[in-house]
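Peer 1: Sharing a structure with you now.
Read-outs: derived from the displayed coordinates by stated rules, not from any lab. All figures in this text were calculated on a predicted structure; none of them were measured in a lab. Cβ placement follows ideal geometry from the backbone for every residue including glycine, while neighbour counts extend to all protein chains displayed.
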């Protein structure tokens, strides 16, 4: 592991997240969880006001902003960068106005109407690939070969579009997608995790990996969401060793400890 990835701690301000649905919907609960993640060693706090799992309900941009505003205000004294995970253009605009450090769009910022505003902002942009350019993942089947080809086509197209829109290339971060974003075949996610060095070399951008509690790990192990911690940590450490620049996780303290031990063993 050449360098330690930055840990992105997940704060789901939602009622139907597959991992912790409803637990942090209330502002006080979200703030308490965010502070715990910060104490556990997070480098970035990512706020998600709407779920992207296949069974999630649609949440309007107005409602997403209503969820985000008091949490961002409550974290105003926090030294950590804030990221917003949303596909809604109005929510992305809100994030720009709130001067958050990062925006994460699981559709990969497809809307040309907001790109000028993105170009004028300072936020890093996590450009996510999925087989379907939707606001949620989907249950569809694809072979690893089809997924890898889709990743190549998508980033060759989208990164070029964003740069031509005036967005500085050094603000773009590549997320190849995981779990249902790559279909229902767990081998697709495994294939992508094996390809992290190639992705970094091919696109020349930092790599963002989000495997925490994802469906492919549950499919491989047969474990329920609440039992998937060890499998998650194994995949996250693999991603770190393969050169991922960011690892997005629910369990920050477990990943931070594992990275410390891994560094000690390999020093």
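Peer 1: Can you bin every Cα-Cα distance in the range 1-106 into 10 Å intervals starting at zero and give me the percent of pairs per bin, rounded to whole numbers?
Peer 2: Answer for the range 1-106: a P(r) of 15, 51, 29, 5, 0 percent.
Peer 1: Which of 44, 65, 151 moves most in a GNM of the chain, Cα contacts under 10 Å?
Peer 2: Among 44, 65, 151, the largest GNM mean-square fluctuation belongs to 65.
Peer 1: Let me ask something else. Where does the chain land at 222 nm, in deg cm²/dmol rounded to the nearest 500, when only DSSP H runs of n ≥ 4 count, each adding -39500 (n - 2.57), divided by all residues?
Peer 2: Calculated from helices alone, the mean residue ellipticity at 222 nm is -13500 deg cm²/dmol.
Peer 1: Also, quick follow-up: What is the packing order of peptides 77-88, 112-123, taking the mean over residues of other C-beta atoms within 10 Å and listing the highest first? Walk me through the numbers on the way to the answer.
Peer 2: Details: 77-88: 19.6, 112-123: 14.8.
Ranking, from highest mean packing down: 77-88, 112-123.
Peer 1: With contacts defined as alpha carbon pairs under 8 Å and 6 or more residues apart, what's the relative contact order of the range 121-267 in percent?
Peer 2: Dividing the mean separation by the residue count of the range 121-267 yields 23 percent.
Peer 1: On to the next question. Give the Rg (one decimal place) followed by the Dmax (whole number) of the range 6-266, computed from C-alpha coordinates and expressed in Å.
Peer 2: Both quantities, over Cα of the range 6-266: 17.0, 49 Å.
Peer 1: How many nm separate the modelled label positions at residue 234 and residue 101, each set 7 Å beyond the Cα in the direction of the Cβ?
Peer 2: Once both label points are built, they end up 3.2 nm from each other.
Peer 1: While we're on this one: Over the chain, what is the relative contact order in percent, taking alpha-carbon pairs closer than 8 angstrom and at least six residues apart?
Peer 2: Details: 501 pairs, mean separation 55.0, N = 267.
Once normalised by length, the contact order is 21 percent.
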